[in-house]
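To start, the structure itself, in structure tokens.
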Amino acid sequence: MTNQVNNQVEKTEEMELPEAQQVVDYLMENPDFFLENAPLLNDLEIPHESGTAVSLVERQVAVLREKNRHFEEKLRDMVDAVHDNQRLHVSLHRLAVNLFDADSLDDILGVVDDELRHKLGTDHVFFRLYNEDIEAGDGDQGHTYVEKDDQVLQTFSTLIEKNRIQCGHFTDEQISQLFFDEASDVASAALIPVSDSGIRGLIALGSSDPQRYHAGMGTDFLSSLADLIGAAMRSQVKNK
């Protein structure tokens with residue numbers, strides 16, 4: 001009898017257990033397995049990261065909830081992006097219409113300032129421009145006109161010459177030069193170069209949000225804005 005038991009044990013030990021992939025393949029080929037063996041769903045326990053064990057059903061529900069949460073977040077991001085793009089499109093259209101009525105450089109800058117600051121909620125908007133026909137100093141609407149050899153324009157001369165928009169973080173000294181008394185509230189900025197119709201300089205946009213303007217952001221809206229401003233300036237020169 002003892003020999004018979006030992007033989008049975010040896011046979012059992014010699015049986016090969018299925019590999020994990022074999023189990024996976026079997027379950028994939030037999031999707032009705034758990035339907036036909038429903039009690040297993042609650043009897044099987046799966047280790048959890050917290051150290052506790054949960055049933056297979058509970059684990060499946062948790063996984064599905066996590067996936068659902070992920071897809072909901074992605075959907076919200078897509079909807080927010082669509083709304084933001086629509087808002088910017090409306091802004092460009094409104095800006096183009098209003099620029100038609102501008103009859104001076106100060107009017108052009110006033111329209112742009114109003115659109116950015118009051119319609120789009122840009123925290124800080126400053127203009128730093130040079131034109132040989134305009135005396136250096138503050139313009140009628142607070143726009144700053146500078147001399148040809150202005151230090152800030154010299155600092156960003158490459159950006160202006162290459163007509164390259166720059167976004168992100170700047171040195172404290174640069175922020176101070178661009179935003180004056182409001183510099184302490186600027187955590188990120190975008191610079192739009194202006195080089196058209198004898199006018200050369202920068203439009204500086206500042207935000208208290210350090211992530212509002214960053215190096216990897218898209219600049220399509222800012223590029224379109226610069227194109228509209230350039231077109232309005234050229235129109236003013238032709239009409240003089």
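The values are calculated or read from the model by the stated rules, or taken from the named source; none is laboratory data. All figures in this text were calculated on a predicted structure; none of them were measured in a lab. Backbone-built Cβ (ideal geometry, glycine too); neighbour counts: all protein chains shown.
Results, tabulated for the structure shown:
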read-out: Selection from the stretch 165-177 of residues that are modelled with pLDDT under 90 and closer than 25 Å to S224 by Cβ; value: H169
read-out: Any chance T171 is without any contact (Cβ under 8 Å) to a residue 40 or more places away in the chain and closer than 15 Å to G201 by Cα; value: no
read-out: Cross-chain or 6+ apart pairs with Cβ under 9 Å, the stretch 212-224 first and assigned by TED's automatic domain parsing to the domain that holds V90, then not in a helix (DSSP H, G or I); value: none
read-out: Filter result for G218 (within 18 Å of I165 (Cα to Cα) and out of contact with any strand residue (DSSP E or B) (no Cβ under 7 Å at 6 or more places or on another chain)); value: yes
read-out: Some residue of the stretch 167-179 being exposed (fewer than 15 other Cβ atoms within 10 Å of the Cβ), assigned to a helix (DSSP H, G or I) and of a type in the set (F, W, Y); value: no
read-out: Some residue of the stretch 195-207 being of a type outside the set (A, V, I, L, M) and buried (at least 22 other Cβ atoms within 10 Å of the Cβ); value: yes
read-out: Candidate set: the stretch 110-135, residues that are in a helix (DSSP H, G or I) and of a type in the set (A, V, I, L, M, F, W, C); chosen: the one surrounded by the fewest Cβ atoms within 10 Å (Cβ to Cβ); value: L116
read-out: Pair list, Cβ under 8 Å, 6 or more apart: the stretch 68-90 residue in contact (Cβ under 8 Å) with a residue 24 or more places away in the chain, other residue surrounded by 10 or more Cβ atoms within 10 Å (Cβ to Cβ) and assigned to a helix (DSSP H, G or I); value: L88/F221
read-out: Number of the condition not met by D138 [criteria: (1) among the charged types (D, E, K, R); (2) within 22 Å of L120 (Cα to Cα); (3) modelled with pLDDT under 90]; value: (2)
read-out: Out of M217, M233, sole residue that is at pLDDT below 90, in a loop (DSSP other than H, G, I, E, B) and on the phi < 0 side of the Ramachandran plot; value: M217
read-out: Subset tally (residues that are touching a helix residue (DSSP H, G or I) at 6+ places or on another chain (Cβ under 7 Å) and either outside any helix (DSSP H, G or I) or surrounded by 21 or more Cβ atoms within 10 Å (Cβ to Cβ) (or both)) for the stretch 180-193; value: 6
read-out: Unique match (being in a loop (DSSP other than H, G, I, E, B) and at negative phi) among R200, R164; value: R164
read-out: Residue list for the stretch 88-109, restricted to those being of a type in the set (F, W, Y) and outside any helix (DSSP H, G or I); value: none
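Listed here are the residues, each with its yes/no results for (1) at pLDDT 65 or above; (2) in the same structural domain as G137 (by TED's automatic domain parsing); (3) aliphatic (A, V, I, L, M); (4) assigned to a helix (DSSP H, G or I).
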site	(1), (2), (3), (4)
D25	yes, no, no, yes
S50	no, no, no, no
V63	yes, no, yes, yes
E72	yes, no, no, yes
V79	yes, no, yes, yes
Q86	yes, no, no, yes
